[in-house]
Each structure stands twice: as C-alpha cells, then as structure tokens.
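Remarks on the structure that follows.
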Amino acid sequence: MSAQVKEQVAKENKELLAKGITPGLAVILVGNDPASRVYVNNKKKACEFVGFKSEEFALPATTTQEELLSLVEELNERRDINGILCQLPLPKGLDENAVIEAISPLKDVDAFHKQNVGRIMIGDYDFLPCTPAGIMEMLRAYDIDADGKNCVVIGRSNIVGKPMGMLLLHENGTVTICHSHTKNLSEITSKADILVAAIGKAKFVTADMVKDGAVVIDVGMNRDENGKLCGDVDFENVKEKCSYITPVPGGVGPMTIATLMKNTLKAAKLQNNL
Ligand code: NAP
C-alpha cells in the first residue's frame, strides 16, 4: 500500500516538475539518535523515489535553541523548500514545542503546529499528521469502516494517540483513548472493534486484551529482548485472534512515510496556488 501511495505521489509530481516546480522537503535532525537516523534516511529515500528534493540538516547535539530556531526561520523563507520537519525527540535542553511553533503552518507537513492541530479538531485541514492519516488510509483501503465501531487507542501523545482518536471520531467511531492512568485497561481493549496501540512498550498488547475478530493497528517501534525490531503488540499470539493486524516492521512505519510524501506534495501545490 505504501508503494502504491508513493507511486501516485510520483505520478502527480510529474505535473509539477513539468511546470518547473520541484517540491522540496527539509529534514532537521539534531544529535545522533540511531533510530532517528534510520527514519531520516527512509524519508530521504522516499523523496528520491517520488522525485522531490530533500535537504537534510544534521546538527550536533550541542546545537542551541537559538541556532535551531534561526535555521527554521531561514527554511520558512526559502521558496524552494515546501515542507519542513524536525525529527523528534530533540536532545534534552531543546524546546520541542518552540521549534514546532516556529515552523510555518503552511510548511508544517507533520501537522504538529497548533494552528494545524486546531484545524484538525474542527475537521477543516490541509494537512493531517502522517502516522494517524496513514492508518486511516489503510483502514479505507481494506474497507474497514469505523462508523459506529468501538475504537480504542492506547496512547495519548500529540503526534499519534490524540490525533488518531480525533480521526476515528471524524469517521463516526465511538472512541476511547487510554493512557498510563487508565484503570482496567484489558477490560476496555477487549471491547474494541478497532484497537490502535501507540505506547512504546514491546509486545505490551497480549492476546487476552484483544476481542475475537478485532482490527489491530500496531504503531509501536521497539526492540525486543534480542534487540529485534517489534511493535507494541504481541504479534504472534494476537494474529490468531484478530481479523486484521499490521506487522512491525512493514506496517504503520512505511505508511507514515508515504503520507509524508503526500503532505509535501500538497504543500508544494498550495504554495504554488495549484
Ligand atoms: P509517547 O509520547 O511516549 O506516548 C506513549 C503513550 O503511551 C502515552 O500516552 C502513555 O501514557 C501511554 N502509556 C505508556 N504506558 C502505558 C501503559 N502501561 N498503559 C497504558 N498506556 C500507557 O509515544 P508516541 O510518540 O505516541 O509513540 C508511541 C510508539 O509509537 C513508540 O514506540 C514510537 O516509536 C512509535 N511511533 C511509530 C511511528 C511510526 O511511524 N511507525 C510514528 C510515531 C511513533 P501517559 O500519557 O499517561 O504517559
């Protein structure tokens, strides 16, 4: 599916290229977190695939807030850069919110800026955050309708859990968002028709927490006891019980990147009045 989305973006991008417009994505990476490095490389590869220009700004962990904000300002002004993203988390001492708010909402292809978040709340938006939007696209592609379903999201982060809940609500799901203070979590999850796990804990969701026939979406990216990449869901056991399940790796991650390409294309179109 992610390949199909990227192919569609590449196709639409040809129209822009023919007009002399090459969409540009700037990716800021501060410090040397190995996982962030992998994500940034994957984003770069996707840009190459669809025909965008990608520019990477790899800054040392010692970068100051002022230096980071001044780079964002510079990128906001550049006409050849249509999308700006700053890979999170930032090293300690840097203010993530200040950086997100400094990115022009028109170039905020992650849709983390409060102006874009507010627009998502009321259902009138240009950009959706890449992970939840990629998940909604997967559900649509498999004809999984959230309308009237019990949808449970575990996790309430600004980048995954909260917007995920909002998008399911927009599709008329009956949404419950769980977090670390939730009581009787298994009781709630085992009633879910659609269960989204965005926790960050390896194999946290076990088969007894899942309803028979449920749709299970695993956002987590963790390392198991052998250092192998795994999700928040105990895939091997849960897969026997559910109707659909996304694997890790190879599920939500690639769809997130494909959606980033869609958002960057849209940003380039909007900025060129197309
Ligand atoms: P996060 O900001 O750390 O949020 C984790 C959420 O899980 C929090 O809301 C936390 O509750 C909740 N939680 C933690 N322990 C819990 C427990 N025992 N019971 C119930 N809820 C619990 O993480 P995130 O940024 O949303 O990311 C979540 C995972 O998705 C991570 O593994 C991350 O690497 C991965 N991720 C993957 C992609 C992708 O493209 N595939 C994109 C983004 C993130 P509190 O709020 O109460 O602390």
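For the range 196-214, how many residues meet the condition of being more than 16 Å from the chain's Cα centre (by Cα) and either surrounded by fewer than 23 Cβ atoms within 10 Å (Cβ to Cβ) or within 12 Å of the ligand (Cβ to nearest atom) (or both)?
Residues of the range 196-214 more than 16 Å from the chain's Cα centre (by Cα): 201-214.
Subset that is either surrounded by fewer than 23 Cβ atoms within 10 Å (Cβ to Cβ) or within 12 Å of the ligand (Cβ to nearest atom) (or both): 201-209, 211-213.
Number satisfying all stated conditions: 12.
Only a single item in (1) more than 9 Å from the ligand (Cβ to nearest atom); (2) out of contact with any Phe, Trp or Tyr (no Cβ under 9 Å at 6 or more places or on another chain) is not met by Tyr142, and it is number (2). Where helices (runs of 4 or more DSSP H) fall wholly inside the range 179-274, the ranges with 1 or more residues that are under 30 Å from Gly24 (Cα atoms) and of a type in the set (A, V, I, L, M, F, W, C) are 252-271. The set of residues from the range 4-38 being within 20 Å of Ile103 (Cα to Cα) and within 18 Å of the chain's Cα centre (by Cα) comprises Leu25, Ala26, Val27, Ile28, Leu29, Ser36. For the range 84-92, the criterion of being farther than 30 Å from Leu168 by Cα and either of a type in the set (Gly, Ala, Ser) or over 18 Å from the mean Cα position of the chain (by Cα) (or both) is met by at least one residue. Residue count for the range 40-74 satisfying the condition of being without any contact (Cβ under 8 Å) to a residue 40 or more places away in the chain and either among the hydroxyl-bearing types (Ser, Thr, Tyr) or on the phi > 0 side of the Ramachandran plot (or both): 5.
Hey, does the range 72-83 have a residue that's open to solvent by less than 40 Å² (accessible area, probe 1.4 Å) and out of contact with any Lys or Arg (no Cβ under 9 Å at 6 or more places or on another chain)? Yes; the residues of the range 72-83 include at least one that is open to solvent by less than 40 Å² (accessible area, probe 1.4 Å) and out of contact with any Lys or Arg (no Cβ under 9 Å at 6 or more places or on another chain).
So, in the range 146-166, of the ones that are of a type in the set (A, V, I, L, M), more than 8 Å from the ligand (Cβ to nearest atom) and surrounded by 23 or more Cβ atoms within 10 Å (Cβ to Cβ), which residue ends up farthest from Leu185 (Cα to Cα)?
So, considering only residues that are of a type in the set (A, V, I, L, M), more than 8 Å from the ligand (Cβ to nearest atom) and surrounded by 23 or more Cβ atoms within 10 Å (Cβ to Cβ), the one farthest from Leu185 (Cα to Cα) is Met164.
The values are calculated or read from the model by the stated rules, or taken from the named source; none is laboratory data. Because the structure is a prediction, the values reported are computed rather than measured. Cβ atoms come from the backbone with ideal geometry, glycine included; neighbour counts cover every protein chain shown. Keep in mind that these areas ignore ligands, DNA and RNA; they rest on the heavy atoms of the full protein, side chains included. Shrake-Rupley method; radii C 1.70, N 1.55, O 1.52, S 1.80 Å.
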